[in-house]
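These notes are about the structure you will find just below.
The values are calculated or read from the model by the stated rules, or taken from the named source; none is laboratory data. Nothing here was measured: the structure is a model prediction, and the numbers come from that model. Positions of Cβ are backbone-derived with ideal geometry, glycine not excepted, and every protein chain shown enters the neighbour counts. Accessible surface areas use protein heavy atoms only, side chains included; no ligands, DNA or RNA. Shrake-Rupley method; radii C 1.70, N 1.55, O 1.52, S 1.80 Å.
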Amino acid sequence: MTNYSENLERHLTQENPVLLGAARSFEELDNIARELGLIDPEYASAGQISWWPVISVLGTFSAGKSTFINHLLQARIQRTGNQAVDDKFTVLSYSDDVESRTLPGIALDADPRFPFFQISKEIDQVLQGEGDRINAYLQLKTCNSPFLKGKIIIDSPGFDADPQRDAVLAITKHIIDISDLVLVFFDARHPEPGAMKDTLRYLVTETIKRHDSNKFLFILNQMDTTAREDNPEEVVAAWHRALAESGLVTGRFYTIFSPDVSVPIADETLRQRYLQRRDRDWAEINARIQQLEIERSYRILGTLERLVEEFQDVALPEIEKVFKTYRKRLIRTDCATFLPVLGAAGYGMVEFVPLEPNLLVMAGSGVLIGLLLLWSRVHIVLSVIFAAFGVRTLKKRQKALNIRWDMVRGFRANAVPWPFFRKPGLMGWSRRCEIQLSAIRQRCKESIQSLNDLYTNPSGRPETGRPVETASPLAIECTAEPVPAIPNEVEPGPEPPRELPTPPERESP
């Protein structure tokens, strides 16, 4: 654990020193959790998030995901085609070396700087033994593209690509959790979304209730093919209905296509309408990508604050509630069984009264010791049974609450066979821990306020009246420039529009 913290701090010192304070707060929180037994000694909360902005690209087969990524990087780093050409999750990272390299999945699993640190353990929990095959699920590619500086892009195989579906879904869930922006691609050339109900259920239904659902952008790619239809708007409407049936009734739905290999549109008016909508949607997607650097700091602070809240307000009360029930049951059964033991011992003593005093003492002591041993054995069996009840209850609560802390592990650390021989309450929890958690929460709030001071001015006072630099208790700050708002419609103006990347080239059929 110490090595992980040291490696992370060393990396942040070199790459992004403003995040050092947040990393140390994660470590402080983990130390408290270890004292209470809620995490494994080697577990690190900071290793479960990405310290770079992460853009993940999900979707169906041949929906233009790889071509879209190649366009962003201005490099042919990902293979493209009309069939499933990549069957692994690919993490794309910047490198100073002009030559691109492909590294095995273990490079991600063993490096805490990447968002797949120890992902093999999660795969093993889903499919026993698959964690050893990490190279079959993940790969790391390096690229010299300036776009990747300070960012990570994750490309996914087609959603139904891998026969080991459970492991793929586990990795997909992990990707969604750590991403700052999730681009979900659908193929406009297949205008029957009903055939992909399972895909829509997972990519839409499972995400709309998340607290960070605003990070999902749903993109209908290769939209130019619908120009051949008598009523292309009906294709878009069909996808809107499919997403609505899956639960997505709000949010933005983007339609794009590539002009380089697009289907010729003879009607100039129709062609201009397609181009205008494509350029507008591309501008909005590009603007969202540009502000990820700002969102990254908020994301890390928000994650830290939620972890503290889940720890103190959810996990600990749940464990304490089950532990009190466990302790109460043991005390009651002990009282109910110990009294008969004393009665039996007294009865034996009375029966041996006519005997010699020395023999009376020896016989009575033997009877008492034997009964106490039997009682202790019954006590231990009952403690195991009551602990199993507690574990079963907490497993259900863990699944229902969907929190990261291992409540079962924390309960087992407290469910000792003789809990009434120590003071009530959870082992490791103290007033000092409570003060530390409150301090972390307060620093998070103050840091978010400091970020707000950098990017907002509610009072409307002149810029000269605002501080040039705002100190943050967690030393979190961003230097990215604010992104201007994108209008709903593209209108001509006296000045040329902001230069945007040319939409990606679509895979050849």
Legend entry - Which numbered condition V18 misses (of (1) within 22 Å of A315 (Cβ to Cβ); (2) touching a Leu at 6+ places or on another chain (Cβ under 9 Å); (3) at pLDDT below 80): (1)
Inset, instruction - Search the stretch 371-389 for residues that are more than 14 Å from W418 (Cβ to Cβ) and pair each with any residue that is modelled with pLDDT under 85 and surrounded by 13 or more Cβ atoms within 10 Å (Cβ to Cβ) when their beta-carbon atoms are under 6 Å apart and the residues are at least 6 apart or on different chains. - result: L371/V341; L371/A344; L371/A345
Legend entry - Which listed residue, of Q125, Q118, is at positive phi, in contact with a helix residue (DSSP H, G or I) (Cβ under 9 Å, 6 or more places away or on another chain) and either open to solvent by less than 40 Å² (accessible area, probe 1.4 Å) or not small (G, A, S) (or both): Q118
Inset, instruction - Just give me the residues in the stretch 52-69 being open to solvent by less than 10 Å² (accessible area, probe 1.4 Å) and under 17 Å from the mean Cα position of the chain (by Cα), in sequence order. - result: P53, V54, I55, S56, V57, L58
Inset, instruction - Just name the residue that is nearest to C335 (Cα to Cα) out of those in the stretch 390-400 that are in contact (Cβ under 8 Å) with a residue 40 or more places away in the chain and open to solvent by 60 Å² or more (accessible area, probe 1.4 Å). - result: T393
Legend entry - The listed residue being modelled with pLDDT under 85 and assigned to a helix (DSSP H, G or I), out of L382, L372, L394: L372
Legend entry - Answer from L437, L454 - the residue that is over 30 Å from R377 (Cβ atoms), open to solvent by less than 20 Å² (accessible area, probe 1.4 Å) and either touching a residue at least 12 places away in the same chain (Cβ under 8 Å) or not aliphatic (A, V, I, L, M) (or both): L437
Inset, instruction - Determine if the stretch 168-184 includes at least one residue that is modelled with pLDDT under 75 and not in a loop (DSSP other than H, G, I, E, B). - result: no
